[in-house]
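The values are calculated or read from the model by the stated rules, or taken from the named source; none is laboratory data. Quantities reported herein were computed from a predicted structural model and do not represent experimental measurements. Quick reminder, even Gly has a Cβ in these numbers, built from the backbone with ideal geometry, and neighbours come from all protein chains shown. Accessible surface is based on the protein model in full, side chains and every heavy atom, while ligands, DNA and RNA are left aside. Shrake-Rupley method; radii C 1.70, N 1.55, O 1.52, S 1.80 Å.
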Amino acid sequence: MKYGKLALAAVLVCAFTPALFAGTIFTFGSGAGQTPFTLKANGLEASFHSNGDPGGFAVGFFPALNPTGLSLVECNSCALSLTVDFSAPQTSIAMLFGTFLKTGSPAVPFNLTAFNGTSQVGTATATGVVPPSLPLAFGDISFSGPAFDSVVLSAPAADSFWILDGLAVSDASTVPEPTSMSTLACVAFCGLAIARLQRRGA
């Protein structure tokens, strides 16, 4: 069981990754720092800000959720929400998340609320999977429906903090679906994660 925890995390991320390989994808690999900040992809801008700014969320390396890249992590024990504003209306969104838990506690709901201007147009809630021996729940959440230009994300019942790892949006009418490219990317991702674990164990 030398590589058990991180290997399991890599497999879980692969299981949730396909939704992020379609549409416009925002990742935190650029090391944007702390909220508030704005990312740009395919001509679309996504502005991230929190009710705990400045610095409510910070880009950092959190290997249990993403062994090979960067994630966006809430400051500890703050019970914050994260708002993402888009420069053009979208109709679908999907993302990966993790919530920190006290050892042995059940997973908590992760919430998404979509807005068009000030009008709420939809909601989604997802609960992550708790792997053995890890105080984290991993999951993915998606929403598809009326056009929205912002979303608010929160996990107010999380014991300490929650993590976001990648975000995909589309102005089409369906949530991004897995593709053959996503399958290849998943295999490559798992290979990189396993290689990293083997180097650490050497």
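When 125, 99, 83 are compared by accessible area of protein heavy atoms, the largest-first order is 125, 83, 99, using a 1.4 Å probe. The modelled label-to-label distance for the pair residue 149/residue 42, using points 7 Å beyond Cα in the direction of Cβ, is 2.0 nm. Sorting 45, 74 on solvent-accessible area from highest to lowest, probe radius 1.4 Å, gives 45, 74.
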